[in-house]
1. In segment 126-138, is there at least one residue being surrounded by fewer than 20 Cβ atoms within 10 Å (Cβ to Cβ), part of a helix (DSSP H, G or I) and over 19 Å from the mean Cα position of the chain (by Cα)?
2. Would you point out the residue of segment 193-217, among those that are assigned to a helix (DSSP H, G or I) and among the hydrophobic types (A, V, I, L, M, F, W, C), that is farthest from Gly169 (Cα to Cα)?
3. I'm checking my understanding of the structure. Among residues of segment 311-327 that are among the basic types (Lys, Arg) and modelled with pLDDT under 95, which one is nearest to Ser74 (Cα to Cα)?
4. So, in segment 114-157, how many residues would count as being touching a strand residue (DSSP E or B) at 6+ places or on another chain (Cβ under 8 Å) and small (Gly, Ala, Ser)?
5. Would segment 302-317 turn up any residue that is in a helix (DSSP H, G or I), touching a residue at least 40 places away in the same chain (Cβ under 8 Å) and either among the hydroxyl-bearing types (Ser, Thr, Tyr) or closer than 26 Å to Lys225 by Cβ (or both)?
6. Would a scan of segment 182-204 turn up a residue that is within 25 Å of Thr276 (Cβ to Cβ), at pLDDT 95 or above and among the β-branched types (Val, Ile, Thr)?
7. The conditions are (1) at pLDDT 95 or above; (2) over 26 Å from Lys313 (Cβ atoms), and Tyr27 fails exactly one of them. Which is it?
8. Looking at segment 160-191 only, could you name the residues that are acidic (Asp, Glu) and surrounded by fewer than 19 Cβ atoms within 10 Å (Cβ to Cβ)?
Amino acid sequence: MRVLITRKLPDAGIKLLEDAGLAITQYSEKRELPQEELIELCQSQDALLSSGPNVIDEHFLSHNRYLKGIALMSVGYDKVDLQAATNCRIPVSNTPDVLTKTTADTAFLLMLAVSRNAFYQSQSIQRGQWGFYEPTANLGQELYGKTLGIFGMGRIGSDLARKCRSYFGMDIIYHNRSRKVEVEQELSAIYVSFDDLLAKSDVLTVHAELSEQTKGLFNANAFRKMKPSSIFINTSRGGLHQENDLIEALSKKEIWGAGLDVTNPEPMSPQNPLLTMPNVYVLPHIGSATVETRDQMAIVAAKNIMAAMKDEKMPQILNPEVYRSNK
């Protein structure tokens, strides 16, 4: 059995696949793999382990109906047409849970860094601007006792809420597709409408899936409803915010600052105005980038592939109906 891997995988995942007797092909070039090339490479494979922004749509799937499984090395699956995969009876899996804490940590890092202008001020030393002390200059803002607004109270949002509640004593409000009663009870979190989330949050952090309903949701109209002192954080998917609208909102001081681990588009242009704004901090989509987390992601993805190769249900299956349709 043969497996194509679209990126260099951590050794922990490779070892599992090799020990299972699978023949591995890793795409080694450091460039995005065009879909037609991916289709061609998959012609000689039995399964695909996809890492990176590979589009798995109806066109791809129609040329690869024989694949026994597709394992994503990510939580997000917005590049995958799950219905088309189900129609082709191809199981698709992701890697939930294992990157919850590291992604929440990244959001925590961003909100703290932005609130204190930390990295812009650090760079001022390199610019030779560490000079005369002024009591009213270079001021950030404290987060103690402020209101944290969470859009998408899933695993990552809940973990961040616990951190902020414990460390900063922040009040928690959230908007989600459904109520999270257990989180409300644990953290005294309050479910609010989307408009109230915008209006009442001192820090608004995004932890939702990218979908037709959420795409571009944080736009000019949304930013205008936020507090002038508020901070916008996105560690989910860049497509949830309109980047030009965010730039304008920051320029007009409609919001105070922003921290992004995801951008729209990715990668971000080095000339993007956000990179020179003092109250903005941007990371290159590294929310899960620790040795421990990437090892675990590779292990989970490998285990999903191994299950598919044995015609067993993938542990982290995204389209379980594919198994029902096979009965």
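1. yes
2. Here the answer is Phe194.
3. Once the filter is applied, the top-ranked residue is Arg324.
4. Residues flagged as touching a strand residue (DSSP E or B) at 6+ places or on another chain (Cβ under 8 Å) and small (Gly, Ala, Ser) within segment 114-157 amount to 6.
5. The answer is no; no qualifying residue exists.
6. There is at least one residue in segment 182-204 that is within 25 Å of Thr276 (Cβ to Cβ), at pLDDT 95 or above and among the β-branched types (Val, Ile, Thr).
7. Exception for Tyr27: condition (1).
8. Within segment 160-191, Glu182, Glu184, Glu186 qualify.
The values are calculated or read from the model by the stated rules, or taken from the named source; none is laboratory data. Just so it is clear, the structure is predicted and the values come from calculations on it, not from any experiment. Note: ideal-geometry Cβ built from the backbone for every residue, glycine included; neighbour counts use all protein chains shown.
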